[in-house]
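Here is the structure we will look at.
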Amino acid sequence: MKLAKNQIARQFSRAAATYDLAAHLPNEMASNLIEMLPTGVSGHLVDLGCGTGWALHKFAQMNRFELTAVDIAPGMIEIASARTPSATFHCCDLEQTPLNSNMADIVFSNAALQWCNLDRALREIHRIGKPNGKVVFSTFGPKTLTEVRSAWEAANDFERRIHDFESCTSIKTALRRNGFESLALDSIERRLTYDSVDMLLRSIKQLGATNASVDRRTGLLGTQRYQTFRNVFETRLEREGHLALTFECIFAIAKKH
């Protein structure tokens with residue numbers, strides 16, 4: 001899948017101001033990743049796809065790391081740099097950074113690699129990591145947002161409207177292909193519930209989690225088609241009393257060869 005990186009930068013910059021209001025799950029994922037770090041680890045930590053800097057601030061409070069952070073969205077960098085001014089920031093695509101080779105003891109990336117070409121991202125992580133350095137990351141798997149996908153299909157709309165997510169199997173293969181030894185790789189499913197269709201759709205928008213593939217459908221959606229999509233969720237809400245969104249959260253730690 002080819003990604004429109006300018007679109008990704010725009011959508012996350014637009015979402016920056018409201019991102020933390022909807023970021024309970026990404027922050028939970030970041031906490032899980034932090035717990036996966038080897039005990040007592042220190043040195044140079046690079047946060048790829050730092051977002052608003054929630055995890056970066058946690059690392060700064062530990063006083064164990066020299067911190068460098070990367071994000072493609074200027075709006076996210078603005079908030080993160082205000083939150084953690086001691087870090088060094090670069091606004092760029094994490095697939096191609098200006099960072100020095102063999103500089104990072106730890107590469108950390110939370111809920112960001114799904115917006116990348118996985119092989120290119122892993123090659124860059126391999127380049128900037130020190131020999132035997134660790135990469136700890138989370139991403140979303142293919143079960144993510146299945147309810148939204150099925151709602152569009154129920155509305156007889158089969159355009160690509162949901163992002164394509166990598167599976168655990170494809171991630172493990174990509175790690176091996178790009179010079180990493182997988183130390184742990186696991187996934188869990190989380191379901192978030194909402195009381196209205198507007199709340200559900202607003203949450204997706206606040207997270208910037210819209211399709212950013214270059215072949216996504218562009219232009220006007222059409223009032224009738226969108227209303228049919230909404231009606232599917234309204235029917236589910238009436239029948240079940242709430243709406244749910246599934247997120248398949250994948251967690252990985254690997255070592256650079």
For this session: Output the number of the condition that Ile128 fails; it satisfies all remaining conditions of (1) under 26 Å from Ile162 (Cβ atoms); (2) surrounded by 21 or more Cβ atoms within 10 Å (Cβ to Cβ); (3) at pLDDT 95 or above.
Result: (1)
Exercise. So is Leu192 surrounded by fewer than 21 Cβ atoms within 10 Å (Cβ to Cβ), in contact (Cβ under 8 Å) with a residue 60 or more places away in the chain and within 18 Å of the chain's Cα centre (by Cα) or not?
Worked result: yes
Problem set entry | Test: Asn110 is closer than 19 Å to Ser182 by Cα and surrounded by fewer than 22 Cβ atoms within 10 Å (Cβ to Cβ) | no
For this session: Scan the stretch 225-253 residue by residue and report those that are closer than 21 Å to Lys205 by Cα, more than 27 Å from the chain's Cα centre (by Cα) and either acidic (Asp, Glu) or surrounded by fewer than 16 Cβ atoms within 10 Å (Cβ to Cβ) (or both).
Result: Arg225, Gln227, Asn231, Glu234
Problem set entry | Any chance Pro74 is closer than 19 Å to Gln11 by Cβ and either among the β-branched types (Val, Ile, Thr) or touching a Cys at 6+ places or on another chain (Cβ under 8 Å) (or both) | yes
Exercise. Quick one: would you say Glu159 is at pLDDT below 95, assigned to a loop (DSSP other than H, G, I, E, B) and either touching a His at 6+ places or on another chain (Cβ under 8 Å) or charged (D, E, K, R) (or both)?
Worked result: yes
Exercise. On the given criteria, is Thr68 in contact (Cβ under 8 Å) with a residue 60 or more places away in the chain and part of a strand (DSSP E or B)?
Worked result: no
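The values are calculated or read from the model by the stated rules, or taken from the named source; none is laboratory data. Model, not experiment: these values are computed from the prediction. Counting neighbours? That spans all protein chains shown, and the Cβs are built from the backbone with ideal geometry, glycine included.
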